[in-house]
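Before anything else, here's the structure in question.
The values are calculated or read from the model by the stated rules, or taken from the named source; none is laboratory data. None of these values were measured; they are calculated from a predicted model. Cβ placement follows ideal geometry from the backbone for every residue including glycine, while neighbour counts extend to all protein chains displayed. SASA here: full protein model, heavy atoms, side chains in, ligands and nucleic acids out. Shrake-Rupley method; radii C 1.70, N 1.55, O 1.52, S 1.80 Å.
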Amino acid sequence: MWTALPIVSVLRSCRELLFRVFACSSWPLLLLVVFAGVFLRCHQISYNFDGDEIFSVDAARSDISKTLSILIADRVHPPVHNVALHYWGAVVGFSEAGMRSLSVLASTGFLIIMFRVAMLLLRPMYAFYVAMLCACSPLLVIYGQQARPYALALFFAATSFYILVRQGFESPGWKWPVRYGICCALLVNTMYASVFLITAEVLGILCWRSANRFRLILAAFLGAATIAPWLLIIGSSMHGVDNQMAWIPKPRIFDVLYLYVQFFGSVPHASMTLVLLFAVIAALIVKNHRRLDIRLVVTVATLAFLPPVVVYLVSWYGPLSIWAVRQLLFSGPMIFLLIGLAIECVPRRLVLVPATALVLWCLSALPEAIPAQVTPPWRELAQRFGGSEYTVITNESFVAKPLTFYMEGSANVIDISEARELNDQRVIYVCRPVRCDTSAIQGFRIEHEESIRWNRTANSPTNMLQVYSLVGMD
């Protein structure tokens, strides 16, 4: 017992030191959050694009009229991100690092805004942990780097929520509602799915007693309505959009829960751990409801849970699935904020344990957020196949688009339907095991076969490429 006293004393001293640090100016804490977030999102920033990023880059590096024409023909992408990427690329270039730097910049703004939101609602220590979870979340790291609209949408979503919180500290007027309306307009013109988030925010506003309540609701409606002209423009080309989105599978029964697991990262027994965590959060909120602003808790919980649940139900019962995790990223920061509100009720002597455990959970899963773990090595494969005596064939755009992009004409990439015309040539067939169609290459002899796996943490056939070196038998 006596030997344990010095250890207890040291732990108490460390705890008191931490609380003194957190009680100081918020700027050092903000710098730590931004440094961690930017560092993680810049890791392997020059790694090759994936197929979706290549769409954005091809659209952005065209002249502005062609960029808009591509988006109109594509139908599923609102204009803001790709137009911004077009002008950004004109300044910094269209390399991997250049294109992704816009998303890293937007992610930096997102982290700053989330820190400011948390500082308005929580004491500095808890605000720091909420922001650090946003910085280290594997899912937010993955999509916070990609040259896609997700980071920009996260920034606008965080800004819209900041405006809602900030206006509560100001006198009534049109200043903050106008800003909120502009933010909603930018958000819905960056990502269609954000209409579910704006709806959730409106429901939250209805719970408040703010004098600006009806001004904010009007601003939200007018901001969201700015997408109407774009929808009218693409309306004539909406035929066939169901085929374009047919690749999105209907969600499985536990996919809503797994969405929240992904914000922390996949670790052993993650789902059960998350269920227990939600139970603890609910218990803390119920136990300490008199110390909490229940309207705030309800608003944050609505933003965290309503959009995913609505999208899940629409995808499950509707004719077309729109369930895509990357469209629902703002639910993660709201979960983190809900956790911050809950653990702020925990006695000071216990607060470091749950907060540290959550950060360690995210950090332990960060290897799965490395670009080389998420995206196949397309550049390496293109260099290997390009200029060779082989013709590359495939039966899925997932393979064809990036190989064509990185080969830059050094070799042909053709559809497998034309393979029979090549039965006197040497051919490389590239496919994912679950999509391979070996019946289409029956006129060839397999000379060599290999498997290329890029995600070492997920044992799935969708994280593997099968490469067949074929020789025609004629």
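What figure in square angstrom, to the nearest 10, would you give for the accessible area of Val76 with a 1.4 Å probe?
Spelled out: Val76, probe radius 1.4 Å, area about 50 Å².
Then there is this: Given a Förster radius of 51 Å and the C-beta distance between Glu170 and Ala372 as r, what FRET efficiency does 1/(1 + (r/R0)^6) yield to the nearest 0.05?
Working: r = 46 Å, r/R0 = 0.91.
Calculated value: 0.65.
Still on this structure, I have one more. Which value at 222 nm does the chain reach when only helices count, each DSSP H run of 4 or more adding -39,500 (n - 2.57), with the total divided by all residues and rounded to the nearest 500 deg cm²/dmol?
On the way: 22 runs with 292 residues, N = 474.
After summing the helix terms and dividing by residue count, I get -19500 deg cm²/dmol.
Quick one: 3J(HN,Hα) in Hz for segment 111-125, Karplus 6.51/-1.76/1.60 with θ = phi - 60°, rounded, Gly and Pro as x.
These are the phi-based 3J(HN,Hα) values: 5, 5, 5, 5, 5, 5, 4, 5, 5, 6, 9, 10, 6, x, 4 Hz.
Right, here's the next one. Please work out how much length the chain gains when fully extended from Arg290 to Gln383, using 0.36 nm per residue of separation minus the C-alpha to C-alpha distance, in nm with one decimal. Numbers along the way, then the final one.
Details: separation 93, 0.36 × 93 = 33.48 nm, distance 6.34 nm.
In short, 27.1 nm is gained.
Shifting gears a bit: Among the lysines, which fall within straight-line cross-link reach of Lys66, defined as a Cα-Cα distance under 21 Å, with same-chain neighbours fewer than 8 residues apart omitted?
Within reach: Lys401.
Could you sort His77, His448 by their accessible area in this structure, using a 1.4 Å probe and putting the largest first? Write down the numbers at each step before the final one.
Values: His77 25, His448 95 Å².
Order by accessible area, largest first: His448, His77.
Please list, ordered by chain and number, the residues whose modelled amide H lies under 5 Å from the amide H of Thr391; skip anything fewer than 5 residues away on the same chain.
Long-range HN contacts for Thr391: Arg426, Val427, Ile428.
Give me the angle, in degrees from 0 to 90, between the Cα long axis of helix 150-167 and the longest principal axis of the Cα atoms of the chain, rounded to the nearest 10.
It works out to around 20 degrees.
First measure r as the distance between the Cβ atoms of Val298 and Ser46, then evaluate 1/(1 + (r/R0)^6) with R0 = 56 Å and state the FRET efficiency to the nearest 0.05. Before the final figure, lay out the partial values.
Values: r = 44 Å, r/R0 = 0.78.
About 0.80, to the nearest 0.05.
Further question on the same structure: Can you give me the accessible area per residue for segment 31-117, using a 1.4 Å probe, in Å²? Walk me through the intermediate numbers first.
Working: 3370 Å² over 87 residues.
So segment 31-117 comes to 39 Å² accessible per residue, rounded to a whole number.
Over the chain, with every protein chain in place, what whole percent of the accessible area is carbon and sulfur at 1.4 Å, could you tell me? The partial results should precede the final answer.
Details: 14230 of 22160 Å².
That share works out to 64 percent.
Next question, about the same structure. Ignoring ligands, DNA and RNA, how do Tyr126, Tyr192, Tyr143 rank by accessible area with a 1.4 Å probe, largest first? The partial results should precede the final answer.
On the way: Tyr126 5, Tyr192 65, Tyr143 40 Å².
Ranking Tyr126, Tyr192, Tyr143 by accessible area, largest first, yields Tyr192, Tyr143, Tyr126.
Related question: Got a number for the accessible area of Glu380? Probe 1.4 Å, square angstrom, nearest 10.
Ignoring ligands and nucleic acids, Glu380 comes out at about 120 Å².
Sort Thr159, Thr299 by heavy-atom solvent-accessible area, probe 1.4 angstrom, most to least. Write down the numbers at each step before the final one.
Working: Thr159 25, Thr299 5 Å².
Highest to lowest solvent-accessible surface, that is Thr159, Thr299.
Let me ask something additional. Students often get this wrong: which residues of segment 313-355 have the backbone nitrogen under 14 Å from the point 7 angstrom along Cα-to-C-beta of Lys250?
Taking a point 7 Å out along Cα→Cβ of Lys250, the residues of segment 313-355 whose backbone N falls under 14 Å are 313-323.
Under the classification rounded if a/c is under 1.5, otherwise prolate if a/b is larger than b/c and oblate if not, where does segment 277-379 fall, given a ≥ b ≥ c as square roots of the Cα gyration tensor eigenvalues? Please list the in-between numbers first.
Working: a/c = 3.39, a/b = 1.32, b/c = 2.56.
Here segment 277-379 falls in the oblate category.
Need one number: nm distance between label points at Ser65 and Trp27, each 7 Å from Cα along Cα→Cβ, rounded to one decimal.
Calculated label separation equals 5.0 nm.
A further question on this structure: Have a look at the DSSP beta bridges in the chain and tell me what percent are antiparallel, nearest 5.
Details: 15 of 21 bridges.
Once the DSSP bridges in the chain are tallied, antiparallel ones form about 70 percent.
As an exercise, use a Förster radius of 30 Å and the Cβ-Cβ distance of Val275 and Leu206 to find the FRET efficiency, rounded to the nearest 0.05. Show your work: numbers first, answer last.
Numbers: r = 30 Å, r/R0 = 0.99.
Here the calculated transfer efficiency is 0.50.
Now a separate question. Express in Å², to the nearest 10, the accessible area of Asp293 obtained by rolling a 1.4 Å probe over the protein heavy atoms while all chains stay in place.
90 Å²
Could I ask something else about it? Just want the answer: with Cβ charges of +1 for Lys and Arg and -1 for Asp and Glu, which residue in Gly265, Ser331, Thr299 is farthest toward the dipole's positive end in the chain?
Positive-most Cα among the choices belongs to Thr299.
Continuing with this model, one more query. If you roll a 1.4 Å probe over the heavy atoms of the protein chains, what accessible area per residue do you get for segment 276-392, in Å²? Kindly include the intermediate steps, with their values, before the conclusion.
Numbers: 5200 Å² over 117 residues.
It amounts to 44 Å² per residue over segment 276-392.
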